[in-house]
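Participant: This is the structure, below, for whatever I ask next.
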Amino acid sequence: MSKNIICLIAKYFLVGIVLICGIVNSASLVDSHEIGLNQENNDYRYSFNLRSSIAKSRHSEDAEIVNYFASKGLKMKRRIIGGAYVASEKYGFVAMLQVKLGNGLFMCGGSLISNRFVLTAAHCVSPLKQTAPASNVTIGLGNNQMTKLSQTRALRIHVHPDWTPSIVKNDIALIEINPVSFSQELFPIPLSNASPTQAKTVYAVGWGRTSTTEIAISSMLKQATLITGNINLCTSLNPNAQRNPQALICTINNITRMDTCVGDSGGPLVGNAYATQPGTNKPSKNVLTLYGITSFGTNGYGQGDSRCSSDGSIGFYTNIAFHRNWIRSIAGN
């Protein structure tokens, strides 16, 4: 089998993007390594221990990405997530993205919000403020098993005009696709018009890494049960979040011991709310609604720590309600 270098975008930690890189074949991830930002007293230390096939890349695009992350002091670390497997019928709006940049393949999550648009994180399609060509983005839809996803190509990519990678601001993008036909396993999710209340039960969904003993990401869609936190408290522990707290939602894992992790970036944060189900004109209670997009995280001590699901770890999500006007301007109602 031919081998390719794959880099899985995970979550932003302070001013760095977290990746998992390794050599993979078409069947599974092998010999993968995770990279997390190491910051102590603002001393960004070089510790970029990747395979020579990545570090010595002859592709200028790859070299630029490698050098960027190395300059941020990226360090090898492990991560963890808890969660439960879910059926396609429950989360038929969840998408998997494959984004080709240079000789690397970045993988993220996304949410189908209409028959023509998928919502994701800006850092998934524009990690260095250079948006990937639409022809390099493949979207998988319609199944909870990674190997059974139906694939379609992006037509256009719309990144928020004020997306700022250095401070993880306005981390949101829309991917335009050819119209899809809805089914029992493929349907859009309604967008929230309001931020979730504090201490609300919400769910993050994705194919992210599942344990400290498993290097590969999950081949089955998983759900993590989370509790929303006090945004003022959460943002006080992260300098990037302090810059635009109203545009974010935070979750704290002290209660559920679950968190988003590698491969979950761009994926949905959902919860039950009073909303109008797509295809109907009547709003109703307990409709599964999209609240946020998985963006970045920190631990409970305000550090850009790469330990997913460590005690007190905080996950930050792009707030859908805050960005509704921009979404409407691109995708309509």
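Participant: May I ask you to say which residue of Val180, Val86 is surrounded by 19 or more Cβ atoms within 10 Å (Cβ to Cβ) and β-branched (Val, Ile, Thr)?
Facilitator: Every option except Val180 fails the conditions.
Participant: Please give the number of the condition Pro196 fails out of (1) crowded, with 19+ Cβ neighbours inside 10 Å; (2) under 20 Å from Arg324 (Cβ atoms); (3) not assigned by TED's automatic domain parsing to the domain that holds Pro268.
Facilitator: Failing condition for Pro196: (3).
Participant: Mind counting the residues in the stretch 278-292 that are small (Gly, Ala, Ser) and in a loop (DSSP other than H, G, I, E, B)?
Facilitator: 1
Participant: From Val168, Val159, grab the single residue that is among the aliphatic types (A, V, I, L, M) and without any contact (Cβ under 8 Å) to a residue 40 or more places away in the chain.
Facilitator: Of the residues listed, the single one that is among the aliphatic types (A, V, I, L, M) and without any contact (Cβ under 8 Å) to a residue 40 or more places away in the chain is Val159.
Participant: Also, I was wondering about something else. Could you list all residues from the stretch 98-124 that are surrounded by fewer than 24 Cβ atoms within 10 Å (Cβ to Cβ) and closer than 19 Å to Asn193 by Cα?
Facilitator: Correct list: Ile113, Ser114, Phe117.
Participant: Would you check which residues across the stretch 141-163 are among the hydroxyl-bearing types (Ser, Thr, Tyr) and either surrounded by 19 or more Cβ atoms within 10 Å (Cβ to Cβ) or within 17 Å of Gly266 (Cβ to Cβ) (or both) and list them?
Facilitator: Thr152
Residue-by-condition table, conditions (1) farther than 25 Å from Leu149 by Cα; (2) at pLDDT 90 or above:
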| site | (1), (2) |
| --- | --- |
| Asn170 | yes, yes |
| Ile175 | no, yes |
| Glu185 | no, yes |
| Pro188 | no, yes |
| Ala224 | no, no |
| Thr228 | yes, yes |
| Asn240 | yes, no |
| Asn253 | yes, no |
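The values are calculated or read from the model by the stated rules, or taken from the named source; none is laboratory data. Since this is a predicted model, take the numbers as computed values, not measurements. Positions of Cβ are generated from backbone atoms using ideal geometry, with glycine treated the same way; all protein chains shown enter the neighbour counts.
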